Each structure stands twice: as structure tokens, then as C-alpha cells.
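Undergrad: Sharing a structure with you now.
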Amino acid sequence: MKVYSGKKYGNKIADFLKINRGLFHTAMEEGGCEMHLLKLYFLKQEGLGMAEVAYDSCEYLLRGLLVLETRFGKQPLSEDAFEKIKAFRLAHEKSTSSSDASMSEAYQKDGDHDLIRGSGRYQLKYKVELVQKLRGKEFISEEVSGLRSDDLEGLKSMAFMHKLAGKKVELKDLATGKVIEAD
């Protein structure tokens, strides 16, 4: 049910950005946002506005569209989406009055570089390695990402799936500071 709810919310974000729904979901995955349907579900549950989630998705979408262009060549649908996403991102940054336009109040810094989305009692952190071949060059980057939520069972499921993929995860109860096993 959570994945279905995440897909419906992703479709709304795609409509908000005025891009093809299928292309939105493909670009999110190709851009490095693994299990994006679950992430969208959690972001919706945390009450983030559509504009904030769309803005947060821009990085993955643009990266994913470049990956698709490298694989399939230039396509009119992808080029149109690329321009719409860039225009939305620029307009969103201009409309944000704070000096840190890329951070919403619903996002918190955890450590020096980790960006944790949402709010809640429980926190899931994991590392994502992005390997991309763009214009003949290979780029490898690693980022720490995560979610906060009050839905412990949902975060345990997500942590388990990351573990199955061979990733190191940390699930923590922020109220007690204890690490929770995700079996």
C-alpha cells in the first residue's frame, strides 16, 4: 500500500512539474533515488508541500534524464522535461527568500553533510553510491541520505531492503538514542 501511495504522489509531482509520469519515475530511479516510491510515501506522510518535494526531486530527475540521454540519445520528451525541471528549480530558488534556498524547515542537517528528510521519532540513515557515465566520462559519488518518521515498521521495511542490497544502514530511536535492528 505504501508503494502504491508513493506512486500516486509521484504522479501528482510529475503533473505539478508538467512532465510525463512514466519519465518522472524512470528518471528518479536512474538519477540515484533508489526506492523512490517509498521515499515519496514518507515525504507525503510528513506533510511536505508538493513544491518542496518537487524541488528535492530535481537533482535526481536532472541526473536521471542525463543518464537516459546517454543511453538512448536525445529524445524530445526528455529534452522538454529537462527544460521544465530546470525552469521550475530556478523559479523555486528565486521565490525562496532565505539565504539557504535548498533547505526547507522540514529538512535537517545531521552531521557535516548528511541531509535527512522529514521529521519524527525514528531515523533511518544509509549511504547511496551513484555511478554515472555522462558524455563518455564515469562519475562516482557517495552521499548519506535518510528519512525521519514516526512509522517504525515502514522504516524497518525500508532498512531491510537497503540491507538486502548490501548497504550499511542505521535505524535509530531519536527519543532514546538507541540503535534498532532492522530484521
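Laboratory data are not the source of any read-out in this text; all were calculated from the coordinates shown. Note that the coordinates shown come from a computational prediction; the quantities given were computed from them, not determined experimentally. Neighbour counts are summed over all protein chains in view; Cβ atoms, including those assigned to glycine, are modelled from backbone coordinates with ideal geometry.
Undergrad: State, to one decimal in nm, how far the label point of Arg121 lies from the label point of Asn11, with both points 7 Å from Cα in the Cβ direction.
TA: 3.3
Undergrad: What's the FRET efficiency of Leu164 with Thr70 using the Cβ-Cβ distance as r and R₀ = 35 Å, to the nearest 0.05?
TA: Details: r = 28 Å, r/R0 = 0.80.
Here the calculated transfer efficiency is 0.80.
Undergrad: While we're on this one: Fewest first, what order do Glu52, Glu93 take by the number of other Cβ atoms within 10 Å? Could the numbers behind the result be given before it?
TA: Values: Glu52 18, Glu93 12.
The most exposed by this proxy come first: Glu93, Glu52.
Undergrad: Kindly put Ser145, Ser57 in sequence by how many other C-beta atoms sit within 10 Å of each C-beta, fewest to most.
TA: On the way: Ser145 17, Ser57 28.
With the fewest neighbours first, Ser145, Ser57 line up as Ser145, Ser57.
Undergrad: When Ile180, Ile13 are ordered from fewest to most other Cβ atoms inside 10 Å of their Cβ, what list results?
TA: Values: Ile180 17, Ile13 23.
The fewest-first ordering by Cβ neighbours comes to Ile180, Ile13.
Undergrad: Please give me the summed charge of the neighbours of Leu37: other residues whose Cβ is under 12 Å from its Cβ, Lys and Arg +1, Asp and Glu -1.
TA: Working: positive: Lys2, Lys7, Lys8, Lys39, Lys44; negative: Glu29, Glu34.
Result for the local shell: +3.
Undergrad: Lys137 to Asp150: extension gain in nm, 0.36 nm per residue of separation minus the Cα-Cα distance?
TA: Working: separation 13, 0.36 × 13 = 4.68 nm, distance 4.12 nm.
Extending this stretch completely gives an extra 0.6 nm.
Undergrad: Right, something else. From the phi angles alone, apply the Karplus equation (6.51, -1.76, 1.60; θ = phi - 60°) to the stretch 14-23 and give each ³J(HN,Hα) in whole Hz, x where the residue is Gly or Pro.
TA: 4, 4, 4, 7, 6, 10, 4, 4, x, 5
Undergrad: Give the peptides 32-39, 159-166, 147-154 in descending order of average Cβ contacts within 10 Å, highest first.
TA: Numbers: 32-39: 20.4, 159-166: 14.1, 147-154: 18.4.
Listed from highest to lowest mean packing, they are 32-39, 147-154, 159-166.
Undergrad: Report the extension gain between Asp173 and Val3 in nm, rounded to one decimal, defined as 0.36 nm multiplied by the number of residues separating them, less their alpha carbon distance. Walk me through the intermediate numbers first.
TA: Details: separation 170, 0.36 × 170 = 61.20 nm, distance 2.36 nm.
Value of the extension gain: 58.8 nm.
Undergrad: Between Ser95 and Glu29, 0.36 nm times their residue separation minus their Cα-Cα distance comes to what?
TA: Details: separation 66, 0.36 × 66 = 23.76 nm, distance 2.78 nm.
Length gained, Ser95 through Glu29: 21.0 nm.
Undergrad: Determine ³J(HN,Hα), in whole Hz, for all residues of the stretch 169-178 in sequence, where each value follows from phi through the Karplus function 6.51 cos²θ - 1.76 cosθ + 1.60 and θ = phi - 60°; x replaces Gly and Pro.
TA: For the stretch 169-178, the Karplus curve yields 10, 9, 10, 10, 8, 5, 6, 9, x, 7 Hz.
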